[in-house]
Amino acid sequence: MSISPFHCHECYKLRRNVHNGLKVLQEYAWLLNSFVLDFYTENHWKKLPEKWKQILDNVEPEELGKLLDPSNLNGSLQRVWPLSLLALRSASVLLSVSRQQCRHDSFLSEHFEKCPVFPQSSVSESSKTCSLHKVGQFKNCNNSVHSASSPKTSSILQRSELSYVFTKHVKPKKRHEITTMAQVTAETAQASGCQYIVDIGSGMGHLSRMLAYGYGLNVCCLEAQETLSEQARKLDAELEVSVSKRLSPEEMANFHRPVHVNVTIRPQLDTSSFVKDILKAFDKTHETDLKFGLVGLHPCGNLGPILLQLFVNCHNVKFINIVGCCYMKISLDNPLSDHFTGYPLSYFVSERPHTISYEACEIACHAIESYCERLCSGDVNHLKVHCYRATLERLLVKHSPDLRHAGIHSIKHVHLMAFEEYCKAAVSRLGVQLSLEQASCEETLDNLAQWKRVVTLYSLRLMLAPLVETIVLLDRLLYLHERGISSVLIPVFKPSLSPRNHILVATKPKEDDP
């Protein structure tokens, strides 16, 4: 199968960053693969280089937070750190895509100019291949470019006193996400000439309501769980009751109500059957009458790669806006398996000899900004939860090796508990009883006293987390580019509030219309 050539300098830098990033991850695979809960069962501290241990054994959490903070790369540090540790820190930051939140309009403007989605666009072939821009340190995200044209909004969004209807029953994190995601999607839909949107994994329909009632788009909500779809319909009806008190009957009649369909998206999805289902949902008869965009706000695990493949293989899909999530649930490349592979997707990454483990993908989903704040706050009690879990793991494995990595009960406010109380609550679902003697013996007390070492190991792994996520995301960009599809990665969410904060926007060229 032929691969689209990389003609531009930006693409060369992208591939170079991926190549170098994979080398760093392979070099420190031993660290990435060191689960914190195995800290005592596998004696992780001994794996660290001697010079690292000598320094790290005397580091307080606040200082560790400054070392971990990506924004403090050129900031002052209080001691002389081992050069190998500083090199790892610098490599991880410089090879990772920027996580700093920024406005999306300049990104989209450049993307739409480089990708011929407008009928009047006349873009050279060399410009098309230069669409993987603003990745990592390639371009300052604060650069100002003329903004994309604003999409049309409905009467609800135009009236500030009605905007609350989209945020009822919605937590601040989700509120932040759906507001931004809806705006980016509306702008992409306008540029692509699409009035139809398919929201995959729509849940309770918070994003879909804003797209439909707020931006006047025709939205089909695909959700696997029927109970969530039922709740979404009730919230749709509640919204209409609320706004009917302020809007005229004519304005109410112009609403595009979301359509809710229960379906599970699987790897072996037949695109023809998928399109027929969407035609039926939108009450369309001919396939040529329908072109639509795919939207996925934090699709879990394999669903993200499945949607990208659906976007590539289905002519009716003109764009995709997707925000990744739960990388540890992605099916990783296994030469001995015939099952779906969610990573790697691109030819370029597939040809690089490497492995990314479940442990690496799991740490990539953690929130580095929030943890830096916690380290620097000096509130050490919150940090001891890792040590509690690692100490409990040693006790469980000692009780029975079969209990290694057993799913324990999720406990809130661990920092307010004594260790014995934590143990009793955590193992309640396992049918295991740990004696008070085990929970308070000399070895256990010694483990608990080493909580700073456990925090340090977790922090070192977290230092590499953005680089792991970067490789996964850039693999997706390369997968699209190899198929002649323009794409861009935009950090639009506030990372401390929404750690998976990059939207991947991809649009097909105009001549690809069915």
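Points to keep in mind about this one:
- Filtered residues of segment 412-452 (kept if surrounded by fewer than 17 Cβ atoms within 10 Å (Cβ to Cβ), in a helix (DSSP H, G or I) and small (Gly, Ala, Ser)): 425, 428, 440, 449
- The residue list 325, 387, 376 contains one member that is assigned to a loop (DSSP other than H, G, I, E, B), buried (at least 16 other Cβ atoms within 10 Å of the Cβ) and not polar (S, T, N, Q), which is 325.
- The set of residues in segment 262-291 being β-branched (Val, Ile, Thr) and either assigned to a helix (DSSP H, G or I) or closer than 17 Å to residue 196 by Cα (or both) consists of 271, 275, 278, 285, 288.
- Only one of 413, 405, 382, 409 that is farther than 21 Å from residue 61 by Cα and at pLDDT below 90: 409
- Any hit, segment 264-272, residues being surrounded by 19 or more Cβ atoms within 10 Å (Cβ to Cβ) and touching a residue at least 40 places away in the same chain (Cβ under 8 Å): no
- Sole residue being crowded, with 24+ Cβ neighbours inside 10 Å, in contact with a Lys or Arg (Cβ under 8 Å, 6 or more places away or on another chain), in contact (Cβ under 8 Å) with a residue 40 or more places away in the chain and among the hydroxyl-bearing types (Ser, Thr, Tyr), chosen from 498, 486: 486
- Taking the criterion of being at pLDDT 95 or above and under 29 Å from residue 364 (Cβ atoms), the residues of segment 247-297 that qualify are 293, 294, 295, 296, 297.
- Looking at segment 1-92, the helices (runs of 4 or more DSSP H) lying wholly inside it that each contain 3 or more residues that are farther than 25 Å from residue 391 by Cα sit at 9-27.
- Condition met for residue 356 (of a type outside the set (D, E, K, R), at negative phi and over 15 Å from the mean Cα position of the chain (by Cα)): yes
- Residues in segment 148-174 that are within 19 Å of residue 218 (Cβ to Cβ) and among the β-branched types (Val, Ile, Thr): 2 in all.
- Contact map, segment 291-316: residues that are within 18 Å of residue 224 (Cα to Cα) paired with residues that are among the hydroxyl-bearing types (Ser, Thr, Tyr) and modelled with pLDDT of 95 or more, Cβ distance under 6 Å, separation 6+ or inter-chain. Pairs shown: 295/185.
- Segment 243-261 - residue that is in a loop (DSSP other than H, G, I, E, B) and not small (Gly, Ala, Ser) and, of those, surrounded by the most Cβ atoms within 10 Å (Cβ to Cβ): 258
- For segment 219-239, the condition of being outside any helix (DSSP H, G or I) and more than 25 Å from residue 500 (Cβ to Cβ) holds for none of the residues.
- Considered as a group, the residues in segment 152-172 that are among the aliphatic types (A, V, I, L, M) and either within 27 Å of the chain's Cα centre (by Cα) or under 16 Å from residue 241 (Cβ atoms) (or both) include one that is surrounded by the most Cβ atoms within 10 Å (Cβ to Cβ), and that residue is 156.
- Residues located in segment 340-361, provided they are in contact (Cβ under 8 Å) with a residue 40 or more places away in the chain and either touching a Gly at 6+ places or on another chain (Cβ under 8 Å) or not in a loop (DSSP other than H, G, I, E, B) (or both): 342, 343, 347, 348, 349, 359, 360, 361
- Some residue of segment 223-234 being touching a residue at least 60 places away in the same chain (Cβ under 8 Å) and surrounded by 15 or more Cβ atoms within 10 Å (Cβ to Cβ): no
Rundown of residues vs (1) at pLDDT 85 or above; (2) over 23 Å from residue 23 (Cα atoms); (3) among the polar types (S, T, N, Q); (4) surrounded by fewer than 19 Cβ atoms within 10 Å (Cβ to Cβ), yes/no style:
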| position | (1), (2), (3), (4) |
| --- | --- |
| 64 | yes, yes, no, no |
| 67 | yes, no, no, no |
| 88 | yes, no, no, no |
| 93 | yes, no, no, no |
| 108 | no, yes, no, no |
| 112 | no, yes, no, no |
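- Taking (1) surrounded by 19 or more Cβ atoms within 10 Å (Cβ to Cβ); (2) over 30 Å from residue 303 (Cβ atoms); (3) among the polar types (S, T, N, Q) in turn, residue 470 satisfies each apart from (2).
- Just one of the listed residues (275, 312) is in contact with a helix residue (DSSP H, G or I) (Cβ under 8 Å, 6 or more places away or on another chain), under 20 Å from residue 504 (Cα atoms) and hydrophobic (A, V, I, L, M, F, W, C), and it is 312.
- Unique residue being in contact with a Pro (Cβ under 7 Å, 6 or more places away or on another chain) and either assigned to a helix (DSSP H, G or I) or at pLDDT 95 or above (or both) when the list is 468, 472, 455: 455
- Subset of segment 396-411 [surrounded by fewer than 22 Cβ atoms within 10 Å (Cβ to Cβ) and not charged (D, E, K, R)]: 397, 399, 400, 401, 403, 405, 406, 407, 408, 409, 410, 411
- The one condition in (1) out of contact with any Leu (no Cβ under 8 Å at 6 or more places or on another chain); (2) modelled with pLDDT of 95 or more that residue 79 fails to fulfil: (2)
- Selection from segment 23-44 of residues that are on the phi > 0 side of the Ramachandran plot and in contact with an Asp or Glu (Cβ under 7 Å, 6 or more places away or on another chain): none
The values are calculated or read from the model by the stated rules, or taken from the named source; none is laboratory data. Computed from a prediction, not measured in an experiment: that's the story for all the values here. Virtual Cβ from ideal backbone geometry, glycine too; neighbours counted across all protein chains shown.
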